[in-house]
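The block underneath contains the structure these notes are about, expressed in structure tokens.
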Amino acid sequence: MLDKRYDPHQVEAGKYDSWKSKGYFTAGDKTKQPFSIVIPPPNVTGKLHIGHTIDTTIQDIIARYKRMQGYDVLYLPGMDHAGIATQAKVMQKLVQNGVDVTKITRDEFLKWAWDWKKEYAESIHEQWAKMGLSLDYTRERFTLDEGLNYAVRTVFVELYKKGLLYQGEKIISWDPVQQTALSNIEVIHQDDKGNMFYFKYPIVGTNEYLTVATTRPETMFGDVCVVVNPKDERYKKFVGMKVINPANGDELPIIADEYVDLEFGTGAMKCTPAHDPNDFIIGEKYGFAKPIIFNKDATMNSLCGKYEGMDRFECRKALVQQIKEDGNLVKIEDIIHPVGHSERNNCVVEPMLSKQWFVKMRPLADQALANQKKSGKVNFVPERFEKVFTQWMENVEDWCVSRQLWWGHRIPAYYNKKTGEVVVSVEPPKDIENYEQESDVLDTWFSSALWPFSTMGWPNKTADYDRYFPTNVLVTGYDIIFFWVSRMIFQSLEFTKHAPFKEVVIHGLVRDAQGRKMSKSLGNGIDPIQVIEQYGADALRYFLTTNSTPGQDMRYIDEKVQASANYLNKIWNSARYVLGILPESFKEEELDLSKLSPLDRWVINRLETTIKNVTYNMDRYDFNAASSHLYNFVYDDFCSNYLEMSKVALNSNDENKINATYQTLFKCLKNIILLIYPYTPFIAEELYQNLPAHLESVMLESYPLFDKKLMDTTNDKEVELLFDLIKDVRNYKIDNKLAPNLSLQLSINFKIKVFDDFLTYLKRFTFSDIKEVGKEIVNSQGDLFMHPHADMLINNESGKAEMIERIKKEIATLENEIARCEKMLSNPNFIDKAPKEKVELEQNKLASHKKNLEDLTAKLKNLQ
RNA sequence: GGAUGCUUAGCUCAGCUGGGAGAGCAUCACCCUUACAAGGUGGGGGUCGGGGGUUCGAGCCCCUCAGCAUCCACCA
């Protein structure tokens, strides 16, 4: 017997371990069709947040749904080493523990990092378990595993051989805090307050000067020339002459190039090839030197004279002051301009010339774009996100993949100690003593990009790779379409000749109750574990996956999680009721419509329709729509209507009637459990285990298939009439301030045939006596209720006056409706152009309204 | 400067290929009716952001304006 109240803690305890130990999560049943999903590997940097929860819950819902549909589902778990993020955290911890991090070696650090990984992997496992994710732990991977490392090395070397990966000196984004290069997308451009400084650059041999504007005066130590537009009449005469750099007195040539915008700033631009991507291009074009003026920590270097060693922003201030004192400051404007920040630590990144490894993107991107026009394309859900992908791919620049870190896949390039020659190979050169391996590691996303196939054993031809790759669906947030989704697609196409997944389901972000992004600085993050403690994992899962449309952001609202828990409590209690009344001897039978009552048939039809609608929406990954169909069935059809009504049949003495009711109740309950199961596996399992007959676990059940044969609507009119009449009486009592259980006298004139027990039901749910049936009731005293299929008179002393009022009101609404119909039907365009059925529908409506109006008018006349 | 999404009840959101607007929470009234008071039965509350257009018919399609949000972008 179930407890009176649904207690998520009790329900959820122990179930996960039981599922896991019985091997239900383990893929490999060769008799079934394979279906695979890989988890987006979370970073081993800390606790999982609510964003992970929505992501993995959707995956788990799909996995459980597909498993029930008879697929051999592989839901593959794993984690990401998260290079920069983890290294920063481990370093921080070391510093806190008093370790002098400047003295530790690479190997020592890596030992610490692996310890860290072990610790956090454990906590992530615990969280996955709490959320109930049906992950196949026998196939768990880590992005730094030996197997994955082999895949990474293979890809690196192959790309290199194909000329798709190269070492080059280019302007990259430098993170001076982590002291590593970053890729473009790891730089966040945000609008910051800043200044536009206007300086005089005196022209050598004249009394004139050029005014040059800059936002970064400190880079003036790296200036090599001043550029103007060749068409600029103001400056034409100066081209070829020289100016004095007011920062250090260097003479710089004035050159002309189309790149400079006549309109912008002063039309004269300083050129710093080593610290600006555009200036770099000009520097290349005209063969200038490219002096680097920063140290790795973005302090000024020896080229900066007395500013050497000074922080870049300090230097900016001091230099502006100096230029001002020298009389070369024209003005300073306050501006708001985009400034690049490191995604990880928010420091201002510095564009810097640097020798790094790059992936040549154009051919890979083109391949990915071309694939979207073929049959093997990746299907984006919702579709619009394909645009995000396309746009990025069309404009992508070469990907800087080397990082000056320790924690990561070390680049498989080896420098000959004598000649400096580079050897790139999967295995180290045989005479390794003559070589030194590249100290840089790869961007974390380089290994994540291989995830769907490296986890399956690639480049080895493994059984898993053959069976589960390409994967069926990938689920992730729209925020990592660039970082991850697109990179998986082009790497996979290049190396496996397949897109890595057939579909990619994109979900929105979880925001706080005010709609703000959750962030550490705001402290508005939600810890899923705390929510689970309060409401249970099922309620959290249900809330997260059913409260927004696909791809749309959602707000975390505590009351909604509670509402989800209330819904589960509703299901719980309906189950408690049904299971409480089923006799010991109950045996599920195939439903035989001919043995069912009209009410039974009505609810079974509603159930089958619900199964159909839920399945349709599950297949479209529209969990909001799917769940709301089920919700409506549970509350309205099953609990409010059928379950209450069924009590009448159960009170009868008719064995057959009673058994039919049992069968119907059971069928509804069982299907509710199975339909809700992918969302809320814990409570579903608990209820399932309490069914009179069941398999070892709900996980072994099949997903309901709707049965057309059971969708019988012949009695719907009668059943709905019953509901309507009951509602009328209830309303009547409330309107007249009568006690809900007060017995009234009703007289009814049916206009359609009703089923045998109709009046029994009506009596029971209106607490009323039915005195006259099937007679003309207009002349009686009381309140009359009009219905297309029946008139009902409630005998009441209030009498005529109220009845007249009611009829008049009814006449007014009918007249409105008739006017509307007539307007439509008198429009020749409507008759001509609207579909036949629609026209007929309106015609029928009109006829019926007119008939009712006629009747009512007659009745009114009689009364007055 | 491009791109996308959003604007519907007091709040948070649904409304599929156009055919008389829904849910949850909140609110009001009445009920401890033998599954559920974390409940039940009812009620109130919306010129669907503004304007224009297409259509017999627009919350839905087109144009336009406004506001909010997000992403992309090297203008010194």
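The values are calculated or read from the model by the stated rules, or taken from the named source; none is laboratory data. Because the structure is predicted, anything quoted here is derived from the model rather than measured. No Cβ is skipped: glycine too gets one built from the backbone with ideal geometry, and neighbour counts run over all protein chains shown. All accessible areas refer to the heavy atoms of the entire protein, side chains included, with ligands and DNA or RNA removed. Shrake-Rupley method; radii C 1.70, N 1.55, O 1.52, S 1.80 Å.
Test A:Tyr160 against the criterion of being at pLDDT below 95 and surrounded by 19 or more Cβ atoms within 10 Å (Cβ to Cβ), and give yes or no. Against the criterion (at pLDDT below 95 and surrounded by 19 or more Cβ atoms within 10 Å (Cβ to Cβ)), A:Tyr160 does not qualify. Looking across the range A:721-743, the residues that are more than 7 Å from RNA strand B (Cβ to nearest atom) and surrounded by 13 or more Cβ atoms within 10 Å (Cβ to Cβ) come down to A:Leu721, A:Leu722, A:Phe723, A:Asp724, A:Leu725, A:Asp728, A:Val729, A:Tyr732, A:Lys733, A:Asn736, A:Leu738. Look at A:Gln530 and say whether it is away from RNA strand B (no atom under 13 Å from the Cβ), open to solvent by 50 Å² or more (accessible area, probe 1.4 Å) and in a helix (DSSP H, G or I). Yes; evaluated as a whole, the condition is true for this residue.
One line per residue, one yes/no per condition, for (1) surrounded by fewer than 21 Cβ atoms within 10 Å (Cβ to Cβ); (2) small (Gly, Ala, Ser); (3) within 25 Å of the chain's Cα centre (by Cα):
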| residue | (1), (2), (3) |
| --- | --- |
| A:Val359 | no, no, no |
| A:Leu369 | yes, no, yes |
| A:Val378 | no, no, yes |
| A:Cys400 | no, no, no |
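The condition (being open to solvent by 40 Å² or more (accessible area, probe 1.4 Å), touching a Gly at 6+ places or on another chain (Cβ under 8 Å), not in a loop (DSSP other than H, G, I, E, B) and not β-branched (Val, Ile, Thr)) is satisfied by just one residue among A:Lys93, A:Lys89, A:Lys111: A:Lys89.
In the set (1) open to solvent by 10 Å² or more (accessible area, probe 1.4 Å); (2) assigned to a helix (DSSP H, G or I); (3) among the charged types (D, E, K, R); (4) more than 12 Å from RNA strand B (Cβ to nearest atom), A:Glu559 fails one condition alone, (4). Applying the criterion of being at positive phi and not aromatic (Phe, Trp, Tyr) to the residues of the range A:767-789, the residue that is modelled with the lowest pLDDT is A:Gly774. Answer yes or no: is there a residue in the range A:44-61 that is farther than 21 Å from A:Asp527 by Cβ and away from RNA strand B (no atom under 16 Å from the Cβ). Scanning the range A:44-61, I find at least one residue that is farther than 21 Å from A:Asp527 by Cβ and away from RNA strand B (no atom under 16 Å from the Cβ), so the answer is yes.
Being out of contact with any Ser or Thr (no Cβ under 7 Å at 6 or more places or on another chain), part of a loop (DSSP other than H, G, I, E, B), hydroxyl-bearing (Ser, Thr, Tyr) and open to solvent by less than 70 Å² (accessible area, probe 1.4 Å) is the requirement here; does A:Tyr761 meet it?
Considered against the rule, which asks whether it is out of contact with any Ser or Thr (no Cβ under 7 Å at 6 or more places or on another chain), part of a loop (DSSP other than H, G, I, E, B), hydroxyl-bearing (Ser, Thr, Tyr) and open to solvent by less than 70 Å² (accessible area, probe 1.4 Å), A:Tyr761 comes out as no.
Here A:Tyr567 fulfils each of the conditions (1) open to solvent by less than 10 Å² (accessible area, probe 1.4 Å); (2) of a type outside the set (S, T, N, Q); (3) closer than 29 Å to A:Met554 by Cβ; (4) more than 11 Å from RNA strand B (Cβ to nearest atom) apart from (4). For the range A:768-776, the criterion of a residue being among the small types (Gly, Ala, Ser), under 30 Å from A:Ser134 (Cα atoms) and surrounded by fewer than 16 Cβ atoms within 10 Å (Cβ to Cβ) is satisfied by no position. Taken over the range A:686-696, the criterion of being open to solvent by 10 Å² or more (accessible area, probe 1.4 Å) and either without any contact (Cβ under 8 Å) to a residue 40 or more places away in the chain or outside any loop (DSSP other than H, G, I, E, B) (or both) is satisfied by A:Glu686, A:Gln689, A:His694, A:Leu695. Taken over the range A:473-491, the criterion of being part of a helix (DSSP H, G or I), among the hydrophobic types (A, V, I, L, M, F, W, C) and surrounded by 24 or more Cβ atoms within 10 Å (Cβ to Cβ) is satisfied by A:Val485, A:Met488, A:Ile489, A:Phe490. Here the condition is being open to solvent by 10 Å² or more (accessible area, probe 1.4 Å), on the phi < 0 side of the Ramachandran plot, away from RNA strand B (no atom under 15 Å from the Cβ) and among the aromatic types (Phe, Trp, Tyr); of A:Tyr635, A:Tyr703, it holds for A:Tyr703 alone.
Just one of (1) in contact (Cβ under 8 Å) with a residue 24 or more places away in the chain; (2) open to solvent by 70 Å² or more (accessible area, probe 1.4 Å); (3) among the aliphatic types (A, V, I, L, M) fails for A:Ala256. It is (2). If I filter the range A:424-437 for residues that are touching a Leu at 6+ places or on another chain (Cβ under 6 Å) and either assigned to a strand (DSSP E or B) or buried (at least 16 other Cβ atoms within 10 Å of the Cβ) (or both), do I get at least one hit? Checking the range A:424-437: not a single residue is touching a Leu at 6+ places or on another chain (Cβ under 6 Å) and either assigned to a strand (DSSP E or B) or buried (at least 16 other Cβ atoms within 10 Å of the Cβ) (or both). The set of residues in the range A:1-22 being in a loop (DSSP other than H, G, I, E, B), of a type outside the set (Lys, Arg) and open to solvent by 30 Å² or more (accessible area, probe 1.4 Å) consists of A:Met1, A:Asp3, A:Asp7, A:Ala13, A:Gly14. In the range A:824-857, the residue that is most open to solvent (accessible area, probe 1.4 Å) out of those that are small (Gly, Ala, Ser) and without any contact (Cβ under 8 Å) to a residue 60 or more places away in the chain is A:Ser826. Whenever a residue of the range A:630-659 is over 24 Å from A:Thr680 (Cβ atoms), its partners that are near RNA strand B (Cβ under 8 Å from one of its atoms) and in a helix (DSSP H, G or I), lying with C-beta atoms within less than 8 angstrom and at least six residues away or across chains, give the pairs A:Leu650/A:Ile581. The set of residues from the range A:123-137 being under 25 Å from A:Asp464 (Cβ atoms) and open to solvent by 10 Å² or more (accessible area, probe 1.4 Å) comprises A:His125, A:Ala129, A:Tyr137. Within the range A:748-759, residues that are closer than 13 Å to A:Glu720 by Cα have Cβ atoms under 6 Å from residues that are surrounded by 12 or more Cβ atoms within 10 Å (Cβ to Cβ) and of a type in the set (Asp, Glu) in these pairs: A:Val754/A:Glu718; A:Phe755/A:Glu718, counting only partners at least 6 apart in sequence or on another chain. Summed over the range A:820-864, the residues that are more than 9 Å from RNA strand B (Cβ to nearest atom), modelled with pLDDT of 80 or more and part of a loop (DSSP other than H, G, I, E, B) give a count of 1.
The rows are residues; the columns are (1) outside any helix (DSSP H, G or I); (2) over 30 Å from A:Arg541 (Cβ atoms); (3) among the hydrophobic types (A, V, I, L, M, F, W, C).
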| position | (1), (2), (3) |
| --- | --- |
| A:Val634 | no, no, yes |
| A:Ala649 | no, yes, yes |
| A:Lys657 | no, yes, no |
| A:Phe682 | no, no, yes |
| A:Leu721 | no, yes, yes |
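Among all residues of the range A:326-344, there is none that is more than 12 Å from RNA strand B (Cβ to nearest atom) and free of Cβ contacts under 8 Å to residues at least 12 places away in the same chain.
So which of A:Thr661, A:Thr714 is among the β-branched types (Val, Ile, Thr), over 41 Å from the mean Cα position of the chain (by Cα) and within 16 Å of RNA strand B (Cβ to nearest atom)? Before the answer, list the steps.
Details: A:Thr714 fails: within 16 Å of RNA strand B (Cβ to nearest atom).
So the residue among A:Thr661, A:Thr714 that is among the β-branched types (Val, Ile, Thr), over 41 Å from the mean Cα position of the chain (by Cα) and within 16 Å of RNA strand B (Cβ to nearest atom) is A:Thr661.
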